[in-house]
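The values are calculated or read from the model by the stated rules, or taken from the named source; none is laboratory data. Everything numeric here is computed off the predicted structure, so don't read it as measured data. Cβ placement follows ideal geometry from the backbone for every residue including glycine, while neighbour counts extend to all protein chains displayed. Ligands, DNA and RNA are excluded from the accessible area calculation, which covers all protein heavy atoms including side chains. Shrake-Rupley method; radii C 1.70, N 1.55, O 1.52, S 1.80 Å.
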Amino acid sequence: MRLLPPPRLSILIYHRVLAQPDPLFPGEVDAVAFDRQLGLLKRCFKVMPLLKAVRLLEQDRLPRRAACITFDDGYADNAQVALPILQRHGLCATFFIATGFLDGGQMWNDRVIALVRGAAGDRLNLLEHGLGCFDIGSMFMRRRAIAAVLDALKYLAPEQRLEQVQRICGAGKNAGVMMSSAQVLALHRSGMEIGAHTVSHPILARISDLAASAEIRQSRAQLECITGAPVSLFAYPNGKPGADYGQNHVDIVRQLGFQAAVATSWGTAGSGEDRFQLPRFTPWDRNRLGFLLRMGQNMFRTTPTGPG
């Protein structure tokens, strides 16, 4: 008799859920698409809070087709748009918050996006900043320019990156893009899980271990102060094993007393695997069949790549 393989955990990553489609980013999830995806998840998977899933994994009691929903960074639309849809479906999600951008802050990548989005004409000249000159005569070209600038800046040292963004973009204006502390508290009081995601969202591999530890500890402390509850989960910024974080950061998270941490390597997690490097993936397909096929395909990626 052929035995079924042991159950594995699928963890989805979202960042934003837009109230309306964005012509600049047509693949970004909006309210209609998110509502449809949650309906599919609810029908085809056993959706549960991440902390519960981690405990069931450790106990070898994970149900088949178990899935968790997570959000990274702390965008205001998580509370304004995603939360009511989650509540309507009776589902829980985990929100990993970069606390340095709460209450009026703005992430550096959003400043770059705003610059390119609002640039006049068909060309954006950033030669004086060492970033080249970009055609932006169509939405496709603007998306390509955004990707090129973000890639050029992402792995700079945090201070150097901030200085470069300041030179290119000028003073940042949040316009309510990121959450307020009150919205984080509202998520918590609604039964959602809150996780730490550092303070300033640095690439941990590009800063000292001392600075990385401080980023992680301070983020958790701020969130615990806001919610009045323990914060037991962590998400590595950017999250690529070996490139964005290493074993030293895994050790820091474990030593700080977190119960689990998530990366952005594709795949699923099984019993006995490292709960401080749980894989996640983004199901970007907007149609129903594509979404479910993507979920199924990811379930066969059973071995996440750990840091070297």
*Gain in length, CYS133 to TRP266, computed as 0.36 nm per residue apart minus the alpha-carbon separation, to one decimal in nm?*
44.5 nm
*asked:* As I understand it, the value is the acute angle between the Cα axis of helix 209-227 and the longest principal axis of the Cα atoms of the chain; what does it come to in degrees, rounded to 10?
replied: 70
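Extension gain LEU150-ARG123, at 0.36 nm per residue separation less the Cα-Cα distance, in nm?
On the way: separation 27, 0.36 × 27 = 9.72 nm, distance 1.72 nm.
Separation in residues times 0.36 nm, less the Cα-Cα distance, equals 8.0 nm.
Return one whole number: the accessible area per residue of the chain in Å², for a 1.4 Å probe.
On the way: 14070 Å² over 308 residues.
Accessible surface, normalised per residue, equals 46 Å².
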*Distant-in-sequence amide H partners of PHE71 (H built 1.01 Å from N, under 5 Å)*: TYR14, THR94, PHE95, PHE96
*From Cα coordinates alone, what are the radius of gyration and Dmax values for the range 189-292 in angstrom?*
14.7, 46
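Using only alpha carbon positions, build the gyration tensor of the chain, then give the equivalent ellipsoid semi-axes as the square roots of 5 times its eigenvalues, largest first, whole angstrom. Intermediate results must be reported in sequence, preceding the final value.
Values: eigenvalues 195, 105, 77 Å².
Values for the chain, descending: 31, 23, 20 Å.
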*For ALA66, which sequence-distant residues (separation of 5 or more, or a different chain) have an amide H within less than 5 Å of its own amide H, given hydrogens modelled in the peptide plane?*
ARG8, SER10, LYS46
*Using the Cα centre as the reference, give the magnitude of the dipole from point charges on the C-beta atoms of the chain (Lys, Arg: +1; Asp, Glu: -1; all else neutral), rounded to the nearest 20 debye.*
1140
_Can you compute 3J(HN,Hα) from phi for each residue in the range 102-108, using the Karplus curve 6.51 cos²θ - 1.76 cosθ + 1.60 with θ = phi - 60°, rounded to whole Hz and x for Gly and Pro?_
5, 6, x, x, 8, 6, 4
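Give, rounded to the nearest 20 debye, the magnitude of the charge dipole that the range 79-164 has about its Cα centre when Lys and Arg contribute +1 at Cβ and Asp and Glu contribute -1 at Cβ. Intermediate values should be presented prior to the final figure.
On the way: 9 positive and 8 negative charges, 71 e Å.
Roughly 340 debye for the range 79-164.
Please figure out what share of the DSSP beta bridges in the chain is antiparallel and state it in percent, rounded to the nearest 5.
Working: 6 of 30 bridges.
The answer is about 20 percent antiparallel.
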*asked:* Taking the 0 to 90 degree range and rounding to the nearest ten, how far is the long axis of helix 139-154 tilted relative to the main principal axis of the chain, both from C-alpha atoms?
replied: 80
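Over the chain, with every protein chain in place, what whole percent of the accessible area is carbon and sulfur at 1.4 Å, could you tell me?
Working: 7600 of 14070 Å².
Roughly 54 percent of what the probe reaches on the chain is carbon or sulfur.
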*asked:* Quick one: 3J(HN,Hα) in Hz for the range 238-247, Karplus 6.51/-1.76/1.60 with θ = phi - 60°, rounded, Gly and Pro as x.
replied: 6, x, 7, x, x, 9, 9, 8, x, 4
*Given H placed 1.01 Å from N in the peptide plane, which residues other than close sequence neighbours of ALA263 have an amide H under 5 Å from its amide H?*
LEU278, ARG280
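As an exercise, use a Förster radius of 25 Å and the Cβ-Cβ distance of ALA186 and ALA221 to find the FRET efficiency, rounded to the nearest 0.05.
Details: r = 20 Å, r/R0 = 0.80.
Calculated value: 0.80.
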*Surrounding net charge for ILE252, when Lys and Arg each add one and Asp and Glu each subtract one, Cβ distance under 11 Å*: -1
*Which residue, chosen from ALA235, PRO23, LEU86, occupies the Cα position most advanced towards the positive end of the dipole of the chain, where the dipole is computed from +1 (Lys, Arg) and -1 (Asp, Glu) charges on Cβ about the Cα centre?*
LEU86
*Spin-label point model (7 Å from Cα, Cβ direction): what's the THR282 to VAL32 distance in nm?*
2.1
